[in-house]
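Working notes for the structure below.
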Amino acid sequence: MLKTVRGFRGAVTSPHHAASHAGLNVLREGGNALEAAIATAAAIAVVYPHMNGLGGDNFWLIKPAGRLPIGIDACGAAAKGVNAAMYREAGHTAIPSRGGQAALTVAGAVAGWQEAYALAKDWGGRLPLPRLLEEAIHYARDGFAVTDSQYSNTINKRDELCSVPGFSNAFLADDGVGAPIPGALFRNPALATTIERLAHHGLETFYRGDLAHQITDELSQAGSPLGFADLDAMAARRVTPLQLNLNGHALYNLPPPTQGLASLMILGLFSRLEVASAEGFDFVHALVEATKCAFRVRDREIGDPAYMKRDPKAFLESSLLDQMAGSIDRGQAASWPDGGGDGDTVWFGAMDSDGNAVSCIQSLYWEFGSGVVLSGTGVTWQNRGISFSLDSAHHNQLMPGRKPFHTIQPALACLDDGRVMVYGTMGGDGQPQTQAALFCRYAMYGYPLQAAVTAPRWLLGRTWGESSTNLKMESRFPAEVIASLHRAGHDVQRVAAFDEMMGHAGALCHHPNGLIEGASDPRSDGQVATF
């Protein structure tokens, strides 16, 4: 029988146990949920280096107790000196996925920590920045045990990354060929020094001053178009989350450039199909078909909000959702594939005894991002900019200073009985689908929280490490469900029982009586840490 982890004083969940405990230790010392989330963000940037890091982006959904949620957009823009013509003239039909030319957007993650730290102070936070970054510095300098996930991703991506500047020295074994095995001690002393500099001189020094000059000098040497002026212009923004009211629940997600709109649309469409239970063909088919509708909107509309032609809130209007739901065939699969997005990521959440809640997602985009590792600072740089198109007619054409489309988005819900839920996952196209399955199973069909996370999942489209766009289903689904989906026209592929491609989901839920439920994904190396 699955057990739900419970606590009263506070809780943190993340896909790596050391990061969860970094946040928990902050809560034990009297820190609030936002301070705990910053400590978790910094620690997981070190101990899950193939999934996220200081060279990536993050997005936050933050709910102060008794107040409306706040969003933080910490997404970096394309270099000011880059455009599509430069890549086309160099003979490229698409932006190279690895190497310096893939490292074309500013890393916003540290700016996100900075904005979250300012908010934490507004909440009465009292812990100094060096304390919040303490465990991250420790793990980078003194080491941590390599996970199966880091090992397998290093081996799988070694051939395409070994020639990228800095990758082999940072991530391969001493012979430059093998990968550190699971359980081996992994250190990044250069990154420890960088985080220590940030702790004592301020997070803004990542973007301004000597450290920023060092970063951009190394980026330039690796072939990146980013310069000091690009980092200097970086600032995280507080944004108003998108909201969907659903059967008395208020659901929140991040606005563009994230695909948060797609997550909300899936749930809005699914609720109109009035599925009786979270078991069987009807449940999976309805959510998959709702996903197709939402993804078609996503792939046609979403990008840098400064360039979007329509207000994303228009797609959450009841009349439009009614119309789209009415077009879904309850027994037959619509044609597919369309679009698609890759991505590796970490999601984590934190709650404290006052009822403050944080949902955060942090990413390098593909595993190891661009593969570029800056040897002097230990920072691995993202390749989020490869989501731009070089096609001048595309709605996400690469332009100087433009923000890229993001698959990553954290979720938060205020349930009709007073519970507050934070939840999320990594996994490219799988993120909004897993969010929908998790929310439905827990909030609509009454699954225990851990059971909702552990239950078998599916994925339509692409995820990190995969290029196929069919409907992948874990083998734990009953054979009749899979057979029924086949008969309905779904291109089903069975995968392992607990396949990592299905993401690393997690959730926390704060009850009106002060109880906090927590769940962590058995597909990850994570843990709920609570007291």
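The values are calculated or read from the model by the stated rules, or taken from the named source; none is laboratory data. Keep in mind the model is a prediction, meaning the values are calculated, not measured. Cβ coordinates were reconstructed from backbone atoms using ideal geometry, including for glycine residues, and neighbour counts include every protein chain displayed. Heads up: the accessible areas ignore ligands, DNA and RNA and are worked out on the full protein's heavy atoms, side chains in. Shrake-Rupley method; radii C 1.70, N 1.55, O 1.52, S 1.80 Å.
Structure notes:
- Some residue of region 413-436 being touching a helix residue (DSSP H, G or I) at 6+ places or on another chain (Cβ under 6 Å) and within 28 Å of Ser224 (Cβ to Cβ): no
- Scan of region 368-401 for residues that are buried (at least 22 other Cβ atoms within 10 Å of the Cβ) and out of contact with any Leu (no Cβ under 9 Å at 6 or more places or on another chain), ordered by number: Gly369, Val373
- Ile328 being under 25 Å from Leu471 (Cα atoms) and touching a Pro at 6+ places or on another chain (Cβ under 8 Å): no
- Scan of region 235-293 for residues that are in contact with a Lys or Arg (Cβ under 9 Å, 6 or more places away or on another chain) and within 23 Å of Lys403 (Cβ to Cβ), ordered by number: Leu242, Gln243, Tyr252, Pro255, Pro256, Pro257, Gln259, Leu261, Ala262, Met265
- Of the residues making up region 116-146, those that are over 23 Å from Ala350 (Cα atoms) and open to solvent by less than 70 Å² (accessible area, probe 1.4 Å) are Gly143, Ala145, Val146.
- Across region 483-517, the qualifying residues are those that are part of a helix (DSSP H, G or I) and open to solvent by less than 10 Å² (accessible area, probe 1.4 Å), and the one among them that is nearest to Tyr151 (Cα to Cα) is Met502.
- Screening Gln431 on (1) buried (at least 24 other Cβ atoms within 10 Å of the Cβ); (2) farther than 22 Å from Gly526 by Cα shows it passes everything except condition (2).
- Answer residue from region 101-115, given it is open to solvent by less than 10 Å² (accessible area, probe 1.4 Å) and touching a Leu at 6+ places or on another chain (Cβ under 7 Å) and is farthest from Arg237 (Cα to Cα) among those: Ala103
- Within region 298-324, residues that are within 13 Å of Thr258 (Cβ to Cβ) sit with their Cβ atoms under 9 Å from residues that are charged (D, E, K, R) and in a helix (DSSP H, G or I), at 6+ positions apart or across chains, in these pairs: Met308/Glu301; Pro312/Glu301.
Residue-wise test of (1) over 15 Å from the mean Cα position of the chain (by Cα); (2) among the hydrophobic types (A, V, I, L, M, F, W, C); (3) modelled with pLDDT of 95 or more; (4) within 12 Å of Ala120 (Cβ to Cβ).
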site: Gly31; (1), (2), (3), (4): yes, no, yes, yes
site: Ala39; (1), (2), (3), (4): yes, yes, yes, yes
site: Ala42; (1), (2), (3), (4): no, yes, yes, no
site: Asp57; (1), (2), (3), (4): no, no, yes, no
